[in-house]
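Before any comments, here is the structure.
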Amino acid sequence: MASLLQGRLPVNQDLLLMQKGTLMRKVRSKSWKKLRYFRLQDDGMTVWHARQAGGRAKPSFSISDVDTVREGHESELLRNLAEEFPLEQGFTIVFHGRRSNLDLVANSVEEAQIWMQGLQLLVDFVTSMDQQERLDQPGWLSDWFQHGDKNQDGRMTFGEVQRLLHLMNVEMDQDHAFQLFQRADASQSGTLEGEEFVEFYKSLTQRPEVQELFEKFSSDGQKLTLLEFVDFLQEEQKEGERASDLALELIDCYEPSDSGKLRHVLSMDGFLSYLYSKDGDIFNPTCLPIYQDMTQPLNQYYISSSHNTYLVGDQLCGQSSVEGYIRALKRGCRCVEVDIWDGPSGEPIVYHGHTLTSRIPFKDVVAAIGQYAFQTSDYPVILSLENHCSWEQQEIIARHLTEILGNQLLSTTLDGHLPTQLPSPEELRRKILVKGKKLKTLEEDLEEEEEEPESELEEAELQLEAQMESEPQELSPRSKDKRKKSKPILCPSLSALVVYLKAVTFYSFTHSREHYRFYETSSFSEAKAKSLIKEAGNEFVLHNTWQLSRVYPSGLRTDSSNYNPQEFWNAGCQMVALNMQTAGLEMDLCDGLFRQNAGSGYVLKPDFLRDAQSSFHPERPISPFKAQTLLIQVISGQQLPKVDKTKEESIVDPLVRVEIFGVRPDTSRQETSYVENNGFNPYWGQTLCFRVLVPELALLRFVVKDYDWKSRNDFIGQYTLPWNCMQQGDTDSSPGQGRSHMPRSN
């Protein structure tokens with residue numbers, strides 16, 4: 001197969017050495033270190049490994065799977081092995097999604113540098129490619145060729161092609177498959193090589209349903225003239241008056257031929273490129289950057305929030321790791337939780353108390369947060385502290401926060417004066433806020449800056465009631481006698497770092513209105529929050545117009561499962577915390593909501609959830625706007641992955657389910673019929689209809705499943721987005737990602 005390096009990247013010595021192969025140690029734990037021979041394939045897009053040089057190799061990962069490459073000192077695991085290997089010889093490959101990191105140790109610092117620099121070069125290259133370029137890349141075809149070429153002789157017989165069709169998830173008439181094979185076999189050798197396989201692949205990937213749409217507007221079936229493309233944009237994409245200007249921009253962007261650009265025409269290839277692009281996506285590109293007002297008080301936004309962020313597994317025996325914070329922050333999470341306990345040698349530790357979860361030093365957590373807090377989003381990060389420490393170790397906590405975070409840490413009000421409302425995300429850019437208990441009110445703190453403070457002991461004893469507020473697990477209760485004899489539970493130096501987010505216990509909405517201030521925040525278990533929504537939904541909405549609320553999962557969810565966050569968003573709750581390490585419907589909804597607004601982790605709530613006089617009740621909703629009707633035409637899919645890769649002969653029977661999540665009356669689902677034995681290019685051509693009362697709160701989720709009449713349908717893939725971020729018209733989704741062809745709404 002043709003190498004990606006030929007003509008696409010400059011000649012690079014690191015990549016050439018990687019293609020020769022390197023023997024490295026693959027590390028999973030202190031006791032699991034295996035020698036493996038890693039080699040970058042000729043396509044420049046995949047890395048294979050074997051037990052030894054020249055041994056039977058198998059795919060290890062694709063460059064498109066890699067998020068970044070880290071140096072050895074950034075890995076917890078490799079740091080623990082520093083006595084065995086110099087950290088400079090180690091590096092970590094971090095993958096997209098929830099795939100575990102790959103820790104490798106090279107035989108020399110030079111070899112480690114070669115792989116780190118080479119991999120990062122390829123990752124940057126892939127990131128810069130658009131969708132069509134990724135589909136055209138030789139590495140994509142090389143993967144299929146390697147799978148189909150069973151005896152690895154560099155050519156493919158018709159028998160191997162038949163095997164490949166099963167691997168590609170398609171059942172095809174044998175005579176038709178043989179016709180495609182003969183048509184591609186230009187050398188008439190009875191086998192397919194190189195470019196012949198490329199032609200065979202192209203014949204497989206023809207899209208008759210797209211061709212039909214193209215020919216509907218093309219007078220000659222070969223191209224779309226400028227006026228014909230304008231007609232398409234107006235009639236199908238609902239672009240309106242801007243269609244004429246937009247047509248010129250799109251032709252200039254997606255038409256591959258220079259002559260086509262000069263003549264202002266769009267070929268079929270250009271048309272496909274447009275449908276594959278962000279401009280043809282169901283997600284409106286105007287919602288991708290920061291498009292919302294970011295100058296409102298913090299309580300006016302939904303805030304992407306994590307529960308027990310340090311855990312990467314279950315709640316009882318799972319591993320605690322700074323990787324949990326890194327992954328959460330890099331996906332745009334803006335509120336992370338830190339459970340802190342007394343540790344050995346006077347150093348606080350982070351873990352899930354009274355369980356078998358592993359421990360990590362608090363200072364390592366703070367260092368990771370400081371490093372990764374603003375890599376994805378510039379908007380503020382909230383540290384939700386669950387403080388179980390003694391007075392002495394609380395002082396260490398305060399010192400680590402202050403010294404490690406430096407100017408990133410917000411330790412006083414923005415202007416030194418008493419505020420009248422919470423600051424905005426814009427005002428708090430690149431600031432880290434501490435949420436936790438506080439000995440005094442903000443007013444008293446600001447007054448004391450101008451007065452001589454009392455001793456720490458006297459100051460704390462005057463505020464004993466404040467010490468027991470917040471979530472039930474935050475502090476171990478002590479008897480009144482013990483309080484008098486020992487130092488107070490809360491250390492003033494740590495208390496002083498809590499500015500705008502003082503944690504207080506919730507008793508009732510009336511009590512909060514009469515006794516609490518706007519900078520005080522309450523946490524609710526999922527059961528308590530559900531009960532309040534049912535019993536006093538409108539009061540909860542009004543409460544969230546002036547004060548922040550955090551909802552957290554039940555302690556019974558020891559498997560780190562999640563609740564449905566939608567019902568709490570419906571009530572205007574801002575920090576709806578989820579176990580982000582657990583994939584599933586709940587995290588799909590979270591990712592879908594926060595996909596907008598540049599993935600900043602902040603989404604402005606609808607007007608009726610920000611109005612202090614709102615009459616909205618999430619259980620009995622009446623939208624202030626008109627209900628809307630949504631028509632979804634599910635046309636086709638392409639290259640859906642196999643559910644059970646261990647069964648070579650198995651082929652999926654895909655169907656598409658479209659789900660609406662919002663207020664209770666709007667929550668519904670419909671699905672297409674299934675397509676038998678075709679995961680490669682299934683065609684549905686069915687229209688589904690939904691009527692939604694409160695579209696401002698609705699999320700739309702597309703799910704592709706493998707139909708099974710004997711048991712529950714198997715999950716293949718999904719895509720979720722907010723209703724308000726949809727754009728109308730025809731679109732296409734990327735092949736090979738487990739997503740169906742999902743047109744924009746009409």
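Entry remark, segment 494-511: residues being closer than 18 Å to residue 404 by Cα and open to solvent by less than 40 Å² (accessible area, probe 1.4 Å) number 4 in total. Considering every residue within segment 363-384, establish whether at least one is surrounded by fewer than 23 Cβ atoms within 10 Å (Cβ to Cβ), modelled with pLDDT under 95, among the small types (Gly, Ala, Ser) and over 22 Å from residue 290 (Cβ atoms). Among the residues of segment 363-384, not one is surrounded by fewer than 23 Cβ atoms within 10 Å (Cβ to Cβ), modelled with pLDDT under 95, among the small types (Gly, Ala, Ser) and over 22 Å from residue 290 (Cβ atoms), which makes the answer no.
Pull up segment 541-554, narrow it to residues that are in contact (Cβ under 8 Å) with a residue 40 or more places away in the chain and not aliphatic (A, V, I, L, M), then point me to the one that is most open to solvent (accessible area, probe 1.4 Å).
Kept after step one, since they are in contact (Cβ under 8 Å) with a residue 40 or more places away in the chain, are these residues of segment 541-554: 541-542, 544-548, 550, 552-553.
Those still in the list that are not aliphatic (A, V, I, L, M) too: 544-547, 550, 552-553.
Working: 544: 0, 545: 17, 546: 67, 547: 0, 550: 0, 552: 37, 553: 4 Å².
Looking at the filtered set, the residue picked out is 546.
Counting the residues of segment 350-362 that are open to solvent by 10 Å² or more (accessible area, probe 1.4 Å) and over 14 Å from residue 319 (Cβ atoms) gives 3.
Within segment 270-328, the set of residues being surrounded by fewer than 24 Cβ atoms within 10 Å (Cβ to Cβ), in contact with a Cys (Cβ under 6 Å, 6 or more places away or on another chain) and over 25 Å from residue 238 (Cβ atoms) is empty. The residues of segment 559-582 that are within 22 Å of residue 600 (Cβ to Cβ) and not polar (S, T, N, Q), listed by number, are 565, 568, 569, 572, 573, 575, 576, 577, 578, 580.
Taking into account only those residues within segment 723-746 that are at pLDDT 55 or above and open to solvent by 10 Å² or more (accessible area, probe 1.4 Å), which is farthest from residue 690 (Cα to Cα)? The extreme case among them is 730.
Rundown of residues vs (1) open to solvent by 30 Å² or more (accessible area, probe 1.4 Å); (2) more than 19 Å from residue 534 (Cα to Cα); (3) over 25 Å from the mean Cα position of the chain (by Cα), yes/no style:
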position: 571; (1), (2), (3): no, no, no
position: 604; (1), (2), (3): yes, yes, no
position: 614; (1), (2), (3): no, no, yes
position: 642; (1), (2), (3): no, yes, no
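The lone criterion from (1) of a type in the set (D, E, K, R); (2) at negative phi; (3) surrounded by fewer than 18 Cβ atoms within 10 Å (Cβ to Cβ) left unmet by residue 238 is number (2). Residues in segment 687-696 that are in contact with a strand residue (DSSP E or B) (Cβ under 9 Å, 6 or more places away or on another chain) and either of a type in the set (Ser, Thr, Tyr) or open to solvent by less than 20 Å² (accessible area, probe 1.4 Å) (or both) were compared, and the one that is farthest from residue 633 (Cα to Cα) is 695. Only one of the numbered conditions (1) farther than 13 Å from residue 605 by Cβ; (2) at pLDDT 95 or above; (3) out of contact with any helix residue (DSSP H, G or I) (no Cβ under 6 Å at 6 or more places or on another chain) is not met by residue 556, and that is (2). Being part of a helix (DSSP H, G or I), within 30 Å of residue 428 (Cβ to Cβ), touching a residue at least 12 places away in the same chain (Cβ under 8 Å) and within 31 Å of the chain's Cα centre (by Cα), is that true of even one residue in segment 300-318? The answer is yes, given that some residue of segment 300-318 is part of a helix (DSSP H, G or I), within 30 Å of residue 428 (Cβ to Cβ), touching a residue at least 12 places away in the same chain (Cβ under 8 Å) and within 31 Å of the chain's Cα centre (by Cα). I'd like to know if segment 380-391 contains one or more residues that are over 22 Å from residue 553 (Cβ atoms) and either out of contact with any strand residue (DSSP E or B) (no Cβ under 7 Å at 6 or more places or on another chain) or assigned to a strand (DSSP E or B) (or both). The answer is yes; a qualifying residue exists.
Suppose we filter 418, 446 for residues that are over 12 Å from residue 497 (Cα atoms), more than 33 Å from the chain's Cα centre (by Cα) and part of a loop (DSSP other than H, G, I, E, B); which single one remains? Working first, answer last.
Numbers: 446 fails: part of a loop (DSSP other than H, G, I, E, B).
Matching residue, one of 418, 446: 418.
I'd like to check which helices (runs of 4 or more DSSP H) are fully inside segment 1-100 and have at least 2 residues that are exposed (fewer than 14 other Cβ atoms within 10 Å of the Cβ) and at pLDDT 85 or above. Those helices (runs of 4 or more DSSP H) span 13-20, 76-80.
In the set 520, 526, which member is touching a Pro at 6+ places or on another chain (Cβ under 8 Å) and modelled with pLDDT of 95 or more? Working first, answer last.
Working: 520 fails: touching a Pro at 6+ places or on another chain (Cβ under 8 Å).
Only one candidate passes the filter, namely 526.
Total residues in segment 703-731 satisfying the condition of being among the aromatic types (Phe, Trp, Tyr) and either on the phi > 0 side of the Ramachandran plot or in a helix (DSSP H, G or I) (or both): the figure is 1. Of the listed requirements (1) closer than 23 Å to residue 286 by Cα; (2) crowded, with 16+ Cβ neighbours inside 10 Å; (3) of a type in the set (Ser, Thr, Tyr), residue 629 misses just one: (2). Of everything in segment 151-166 that is touching a residue at least 12 places away in the same chain (Cβ under 8 Å) and not in a helix (DSSP H, G or I), the residue that is most open to solvent (accessible area, probe 1.4 Å) is 155.
Please go through segment 512-540 and pick out each residue that is part of a helix (DSSP H, G or I), among the charged types (D, E, K, R) and open to solvent by less than 40 Å² (accessible area, probe 1.4 Å).
As a first pass, look at segment 512-540 and keep what is part of a helix (DSSP H, G or I): 512-515, 526-540.
Within this subset, residues satisfying the condition of being among the charged types (D, E, K, R) are 513-514, 526, 528, 530, 534-535, 539.
Answer for segment 512-540, where residues must be part of a helix (DSSP H, G or I), among the charged types (D, E, K, R) and open to solvent by less than 40 Å² (accessible area, probe 1.4 Å): just 526.
Against the list (1) in a helix (DSSP H, G or I); (2) within 23 Å of residue 376 (Cα to Cα), the condition residue 398 fails is (2).
The values are calculated or read from the model by the stated rules, or taken from the named source; none is laboratory data. Since we're looking at a predicted model, the values are computed, not measured. Every residue, glycine as well, gets a Cβ built from its backbone with ideal geometry; the counts of neighbours run over all protein chains shown. The accessibility values were calculated without ligands, DNA or RNA, using every heavy atom of the protein model including side chains. Shrake-Rupley method; radii C 1.70, N 1.55, O 1.52, S 1.80 Å.
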